[in-house]
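Encoded as structure tokens, the structure appears first; notes follow it.
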Amino acid sequence: MSTLKIYNTLTKTMEEFIPGGVKKNRIEDYPEVSIYSCGPTVYNFAHIGNFRTFTFNDMLRRYLKFRGYKVNHTLNLTDVDDKTINGAKAENKSLKEYTDRFIEFFKEDLKTLNFDEFEHYPRATESIPEMADIIDRLEKNGFTYEKDNSIYFSIAKWDHYGQLSELDKREIQTGTRYDTDEYEKDDIRDFVLWKAPKSEDEPQWEINQGSGRPGWHIECSAMIRKIYGTTIDIHTGGVDLIFPHHENEIAQSEAAYGEKFVRYWMHVKHLFVEGAKMSKSKGTFYTIRDLVEKGYSPRSIRYLLFSAHYRKQLNFTLAGLDSIKQPLARIDNFVARLKLTAEGCSSDDEIVSASGKFISSFIETMDDDLNISGALGNLFDYIHEINSIIDQTGITENGSRLVYDTLKKADSVFGFIFFNDSKDTNTDIDAERIEKMIAERKEAKAAKNFAAADSIRDALLSEGIILEDGKDGTTWKRK
RNA sequence: GGCGUCGUACCCAAGUGGUAAGGGACAGGUCUGCAAAACCUUUAUUCAGCGGUUCAAAUCCGCUCGACGCCUCCA
């Protein structure tokens with residue numbers, strides 16, 4: 001059996017995944033896997049690009065669970081920064097009131113896309129004491145300085161700075177305006193831990209160093225400390241966060257506590273929409289809601305977001321979303337076929353071996369840094385193989401059940417094979433009337449009155465109902 | 001300017017030294033009164049271009065062209 005290997009941004013290499021840092025013989029013997037994922041800033045609806053990253057998080061946790069690891073996963077919610085503060089001010093609401101609403105929307109979106117439930121969804125504003133503790137320790141260890149009542153981290157004092165983003169290899173471009181922040185720093189690359197209020201009515205909290213609000217990076221370090229207490233296994237986020245966000249998290253956490261912050265860093269590449277960067281002016285800044293309103297199913301969105309490897313750029317297009325109806329229909333038809341053909345005569349041996357082969361190839365593929373595209377290939381190979389068997393020899397009820405269970409198992413990772421698309425259930429179509437018309441058509445066909453039969457079919461088609469004649473009678477579906 | 005990534009069929013997309021997965025589209029077939037759907041089969045002598053290393057390269061090295069990322073609190 002293979003072992004899970006993941007690409008670690010910290011070392012720039014593929015590494016065997018060893019939770020807790022100590023190799024065990026069996027997966028069940030490993031301690032709970034601790035994962036922290038940078039979540040959304042809740043000042044607006046999250047867009048499709050955000051959801052690529054979040055979908056990756058969902059896939060990662062689902063696969064770890066599938067593999068037998070115990071998972072303890074955090075997705076944070078940034079509820080205090082310039083954007084949330086300004087947004088609340090603009091609507092004359094309290095920060096909490098304002099962000100509560102978007103957190104709710106965000107969680108609805110997660111549900112819409114069939115996300116697994118994460119263990120924790122902490123808000124930045126709920127970890128102020130932990131932030132204060134980090135700042136106290138940094139101050140005591142001599143890593144901070146104060147300027148205009150804001151507290152900064154001095155990277156000159158921290159020897160290990162730059163390991164994640166390989167800063168030591170870089171030269172800073174001359175003539176670049178490096179920082180336009182209103183806050184003054186000693187070194188342009190220093191970062192703020194605690195911001196002095198710009199105005200009295202701004203949200204602020206009291207800590208030993210004075211009244212203010214958290215800098216961008218401190219919240220993640222604080223929440224990780226609060227929830228996990230010590231070194232965590234995996235930290236994920238979009239590639240844009242490598243520098244400076246994650247670099248600064250490492251600096252402040254390791255300088256404060258003197259122990260390793262994170263074992264494995266995983267970063268998701270950004271997506272393109274219609275071949276270019278998402279852009280509000282081009283109208284390619286989609287939210288999940290936008291797409292659903294346009295009539296695309298959440299299931300297709302999930303599939304598309306899933307389908308490309310997380311470290312490759314994914315080109316998200318509406319045409320691509322459309323074409324996903326086909327593979328999904330193929331999967332659905334396959335599942336339906338399992339139910340229909342449960343009285344075949346094949347020996348189960350072939351089914352058993354094909355199913356076993358599928359699962360082991362699925363594991364081998366996914367163990368290679370979550371190669372989801374390869375795994376999708378495995379899935380369709382399996383469907384193809386079973387379809388062939390059914391065509392040639394049929395399938396027994398036992399065989400059918402085994403295939404069904406195998407799909408269920410794989411779907412604990414995919415999450416789009418058995419997807420409850422609520423859109424299909426709230427129908428206002430009169431099913432009884434349709435069944436009656438189908439019965440009439442059947443009679444017409446029996447009487448060889450094909451003109452009458454076709455006119456019934458056409459009448460329903462004009463209402464958007466498609467009739468399909470199969471071996472076991474006629475079924476209908478919406479266009 | 002510095003650091004880095006990518007370029008595989010009409011489209012999407014795996015494969016990173018052993019002779020091109022998978023999906024969509026297209027085409028042929030089975031089934032059907034016809035159709036649709038479903039299923040089956042077929043589809044890249046070739047991996048941006050050029051040169052090199054090797055018994056062997058899409059995979060390693062060099063150069064060229066093209067797209068992109070970070071170096072600006074953007075997932």
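The Stokes-Einstein estimate for chain A, based on a Kirkwood radius over Cα pairs and taken at 25 °C with 0.890 mPa s viscosity, is a diffusion coefficient of 96 µm²/s.
For a 29 Å ceiling on Cα separation, which of these pairs sit above it: A:Lys12/A:Lys157; A:Lys12/A:Lys294; A:Lys312/A:Lys339; A:Lys12/A:Lys282; A:Lys12/A:Lys96; A:Lys280/A:Lys312? Check vs 29 Å cut-off fails for A:Lys12/A:Lys294; A:Lys312/A:Lys339; A:Lys12/A:Lys282; A:Lys12/A:Lys96. Projecting the Cα positions of A:Ser412, A:Leu376, A:Ile331 onto the charge dipole of the range A:325-419 (unit charges on Cβ atoms of Lys, Arg, Asp and Glu, taken about the Cα centre) puts A:Ile331 furthest along the positive direction.
Summing charges over all other residues whose Cβ lies under 11 Å from the Cβ of A:Gly68, with Lys and Arg as +1 and Asp and Glu as -1, gives +2. Here the peptides A:212-224, A:156-168 are ranked by packing, the mean other Cβ count within 10 Å, and the order with the highest first is A:212-224, A:156-168.
A cut-off under 10 angstrom between Cβ atoms defines the neighbours of A:Lys357, and their net charge, with Lys, Arg +1 and Asp, Glu -1, is -2.
For A:Lys23, a cut-off of 20 angstrom between C-alpha atoms picks up these lysines, skipping any fewer than 8 places away in its own chain: A:Lys5, A:Lys65, A:Lys70, A:Lys260.
Shown for chain A are the DSSP H helices of 27 Å or more along their axis, judged by Cα atoms, with a mean Kyte-Doolittle hydropathy of at least 0.0: A:348-367, A:372-393.
Sum -39500 (n - 2.57) across every DSSP H segment of at least 4 residues in chain A, then divide by the residue count to get the 222 nm mean residue ellipticity, nearest 500.
Per the formula, -14000 deg cm²/dmol.
Each other residue within a Cβ distance under 11 Å of A:Glu435 adds +1 if Lys or Arg and -1 if Asp or Glu, for a net charge of +1. Here, the range A:325-419 has an Rg and a Dmax of 12.8, 40 Å when only alpha carbons are counted.
Quick note: the coordinates plus some simple rules give every number you see, no bench work behind them. For clarity, every value in this text was computed on a predicted model and none was experimentally measured. Cβ coordinates were reconstructed from backbone atoms using ideal geometry, including for glycine residues, and neighbour counts include every protein chain displayed.
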